[in-house]
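A.B. asks: Please see the structure below; I have some questions.
Nothing in this text is a laboratory measurement; each read-out follows from the coordinates by a stated rule. Small disclaimer: the values here were computed from a predicted structure and weren't measured. Positions of Cβ are generated from backbone atoms using ideal geometry, with glycine treated the same way; all protein chains shown enter the neighbour counts.
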Amino acid sequence: MATIELSWNPSDPLDPGPCIDVTVMNSADVIEAGQAIGLEYPKPVRMKALLDTGASVTVISKTFANHCKLFQTSQSFEISAIGATHTCGEHAGAISFPGTPLRPLNAIRIVSAVFAKERHYACLIGRDILRNWTITFDGPSKKVTITE
Amino acid sequence: MAPAELFSKEIMVFEKHRKEWSRSHPGEYVVIQDEIIADGFFRTYAEALKAGLRRFGVQRSFLIKQVWKTEPVYFVS
């Protein structure tokens, strides 16, 4: 069983919530198929990701999706955020959690969206990933524990 | 190609079959490139991706679409 601990101070207005380091890249199948015909892919990009129980899907900043050249599989994915609906790109990607024993996820759907003025994180870990884990929050000690 | 035009052919093909597929394969995934539909329906996105890569390769994008009667809106808050 893998367990990790994250800090989160909900009393601090500048603390965005529990964040974890992730690396994002194309799925192994896409890279293998691409390299077989001479395509090149950027190295995995490490970024901060917010554990977001309010997000039904995992979302990455469009800037990073473009930088990672994530393989696009749709352009009509609709998300609703704070009352407004946005049409977003959908990509096949892989996410891993460097420095932790959490299992990497290969070939998952990742939605790309513009993260306006967001400086704390470039990815939202949605319920499609969170559902694999047991997550507890201990308020007094300001600790979030993820168990897989 | 402008972003709005991406997958426009594939979406047209999907819409042509949506009613029928939403009855026979609700919640499953289908893979389309131009007007070509990859054989079969897939239970997961990962299976659909593998099938798309086998059928179409990686040189051009292909559409992976989950089959629903109406298009869902996913909430992010």
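A.B. asks: For the residue pair A:H120 and B:Q59, what label-to-label distance in nm results when each label sits 7 Å from Cα along the Cα-to-beta-carbon direction?
C.D. replies: 4.6 nm
A.B. asks: Sticking with this one: Inverting the mean 1/r over all pairs of different Cα atoms, compute the Kirkwood radius of the stretch A:77-148 and quote it in Å.
C.D. replies: 14.6 Å
A.B. asks: For A:S141 and A:I82 in one chain, what is 0.36 nm times their gap in residues minus the Cα-Cα distance, to one decimal in nm?
C.D. replies: Full-extension gain reported as 18.2 nm.
A.B. asks: Does the stretch B:1-65 come out rounded, prolate or oblate by the C-alpha gyration tensor, with a ≥ b ≥ c the root eigenvalues, rounded set by a/c under 1.5 and, if not, prolate when a/b is larger than b/c and oblate if not?
C.D. replies: Because a/c hits 1.5 or more and a/b fails to exceed b/c, the stretch B:1-65 counts as oblate.
A.B. asks: Would you kindly calculate the translational diffusion coefficient of the stretch A:1-110, applying Stokes-Einstein with the Kirkwood radius from alpha carbon pairs, for 37 °C and a viscosity of 0.692 mPa s, and quote it in µm² s⁻¹ without decimals?
C.D. replies: So the translational diffusion coefficient is about 211 µm²/s.
A.B. asks: Set the bar at 28 Å for Cα to Cα. Now go through A:K143/B:K65; A:K69/B:K69; A:K62/A:K143; B:K16/B:K50; A:K48/B:K9; A:K69/B:K16 and name every pair that lies beyond it.
C.D. replies: Correct reply: A:K143/B:K65; A:K69/B:K69; A:K62/A:K143; A:K48/B:K9; A:K69/B:K16.
A.B. asks: Taking one equal scatterer on every alpha-carbon of the protein assembly as shown, how large is log10 of I(q)/I(0) by Debye at q = 0.08, 0.14, 0.18 1/Å?
C.D. replies: For the requested q values the scattering log ratios are -0.30, -0.91, -1.39.
A.B. asks: Rank A:T23, A:T136, A:T53 by mean-square fluctuation in a GNM of chain A with C-alpha springs under 10 angstrom and give only the top-ranked residue.
C.D. replies: With Cα springs under 10 Å in chain A, the top fluctuation among A:T23, A:T136, A:T53 is at A:T136.
A.B. asks: If you don't mind, another one. What dipole magnitude, in Debye to the nearest 20, does chain A give about its Cα centre under +1 on Lys/Arg Cβ and -1 on Asp/Glu Cβ?
C.D. replies: It comes to approximately 180 debye.
A.B. asks: Compute the Cα gyration tensor for the stretch A:85-124, then decide on rounded, prolate or oblate, letting a ≥ b ≥ c be the square roots of its eigenvalues: rounded whenever a/c is under 1.5, prolate when a/b is larger than b/c in the other cases, and oblate in all that remain.
C.D. replies: Oblate, because a/c is 1.5 or more while a/b does not exceed b/c.
A.B. asks: Find the relative contact order for chain B and round it to a whole percent, using C-alpha pairs within less than 8 Å whose residues are 6+ positions apart.
C.D. replies: In percent, rounded to a whole number, it is 34.
A.B. asks: Based on DSSP H runs of at least 4 residues, each adding -39500 (n - 2.57), what is the mean residue ellipticity at 222 nm of the protein assembly as shown after dividing by all its residues, to the nearest 500 deg cm²/dmol?
C.D. replies: -6000 deg cm²/dmol
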